[in-house]
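Here is the structure we will look at.
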Amino acid sequence: MIKIKVEDLIYKYPDGTQALNGVNIDVVKGEFIAVLGANGSGKTTLLKHFNGLLKPASGLVVLDNIELNEFNSGDVFRKVGMVFQDPNDQLIAPTVEEDVAFGPTNLNLSYDEIVSRVNNALELVKMKEFAKKAIHALSYGQSKRICIAGILAMEPEILILDEPTSGLDPEGVKSVMKILNDLNKEKGITIIHATNSVDLVPFHMDRVAIMDKGIIAQEGTPQEVFTDSKKLEGLKLELPQIAQLMEALRGKEKFPIDSLPLTIGQARQELSHLINTEDNALVSPEIS
Ligand code: ADP
């Protein structure tokens with residue numbers, strides 16, 4: 001079932017910059033889709049159309065088979081939650097719990113329901129013990145997680161995230177991606193994740209739409225899209241790092257690889273078929 005349909009979407013900023021040049025994309029209920037693209041390719045501008053923050057100059061954005069401009073904005077914000085790239089654009093209250101309560105309070109819910117939603121949302125992002133903490137005292141990674149909690153407290157059907165892992169250390173990236181995976185797989189929330197990090201995509205996303213110059217230039221599963229480096233160069237992107245190594249090996253006499261492994265786990269499997277040794281580090285289960 002299609003949750004969001006975008007047809008021939010064109011958008012021009014007031015200064016004349018034409019940021020979207022005819023975007024067409026369907027987002028299916030329950031999928032985890034990456035909107036991948038170099039800086040300036042139009043990702044943020046597209047995302048802001050999914051919840052009506054920006055209005056198309058022409059074209060259509062359809063949510064649950066109804067054109068977005070037929071909804072009132074409260075109903076759209078309830079269905080589609082957006083986590084901004086910069087936590088400073090999102091966090092507004094003095095403490096964590098007040099901030100996470102802000103959205104539900106505006107939904108006119110009962111006090112008990114608000115408390116329950118705040119607790120649940122903080123639990124989901126593993127930040128329950130930070131409820132009383134001052135927002136200004138959070139680390140950058142903690143702020144990002146509180147931004148996600150604030151949106152989850154609205155219980156959206158669709159979660160849109162603009163570069164949620166940018167600026168995080170590897171542990172922070174892992175923890176945010178685990179939270180998003182769990183929300184998608186266990187709670188069935190449809191996730192649209194804008195990123196310029198090619199390495200994240202094959203691990204987590206079902207499908208990837210690559211943006212370039214305000215259009216969707218390519219779309220498919222990670223395996224369909226990450227087939228060779230030449231194709232991605234023109235889009236100012238590169239293959240995931242392990243795929244670059246495997247591409248360099250592909251074609252060598254000892255490495256007859258058909259489809260390109262995109263993760264270390266896939267590469268390990270492929271190599272373990274090719275390298276005939278049982279105690280080689282490449283086949284060690286510790287490398288995944
Ligand atoms: P991305 O998220 O992929 O980095 P953006 O959607 O932010 O790309 O930007 C797409 C294009 O729109 C870029 O050329 C950018 O300079 C321009 N742009 C973004 N925001 C504004 C704005 N507020 N006013 C004018 N131009 C903008």
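The values are calculated or read from the model by the stated rules, or taken from the named source; none is laboratory data. These figures come from a predicted structure and were not determined experimentally. Neighbour counts run over all protein chains shown; Cβ positions are idealised from the backbone, glycine included. Side chains are part of the model used for accessible areas, which takes the heavy atoms of the whole protein and leaves out ligands, DNA and RNA. Shrake-Rupley method; radii C 1.70, N 1.55, O 1.52, S 1.80 Å.
Observations
- For F71, the stated conditions hold: it is open to solvent by 20 Å² or more (accessible area, probe 1.4 Å), more than 16 Å from the ligand (Cβ to nearest atom) and without any contact (Cβ under 8 Å) to a residue 40 or more places away in the chain.
- Scanning the range 3-12 for residues that are touching a helix residue (DSSP H, G or I) at 6+ places or on another chain (Cβ under 8 Å) and within 13 Å of the ligand (Cβ to nearest atom) turns up L9, Y11.
- Hey, K43 open to solvent by 50 Å² or more (accessible area, probe 1.4 Å), modelled with pLDDT of 95 or more and within 16 Å of the ligand (Cβ to nearest atom) or not: no
- Within the option set I160, I146, I189, being at pLDDT 95 or above and either outside the structural domain of N88 (by TED's automatic domain parsing) or open to solvent by 10 Å² or more (accessible area, probe 1.4 Å) (or both) holds for one residue only, I189.
- For A34, the requirement of being within 16 Å of the ligand (Cβ to nearest atom), out of contact with any strand residue (DSSP E or B) (no Cβ under 7 Å at 6 or more places or on another chain) and open to solvent by less than 30 Å² (accessible area, probe 1.4 Å) is not met.
- Number of positions in the range 162-176 that are more than 12 Å from the ligand (Cβ to nearest atom) and touching a residue at least 40 places away in the same chain (Cβ under 8 Å): 2
- Residue within the range 91-98 that is in contact with a Leu (Cβ under 9 Å, 6 or more places away or on another chain) and free of Cβ contacts under 8 Å to residues at least 12 places away in the same chain present: no
- Every listed requirement among (1) more than 15 Å from L91 (Cα to Cα); (2) assigned to a helix (DSSP H, G or I) is met by R145 save one, (1).
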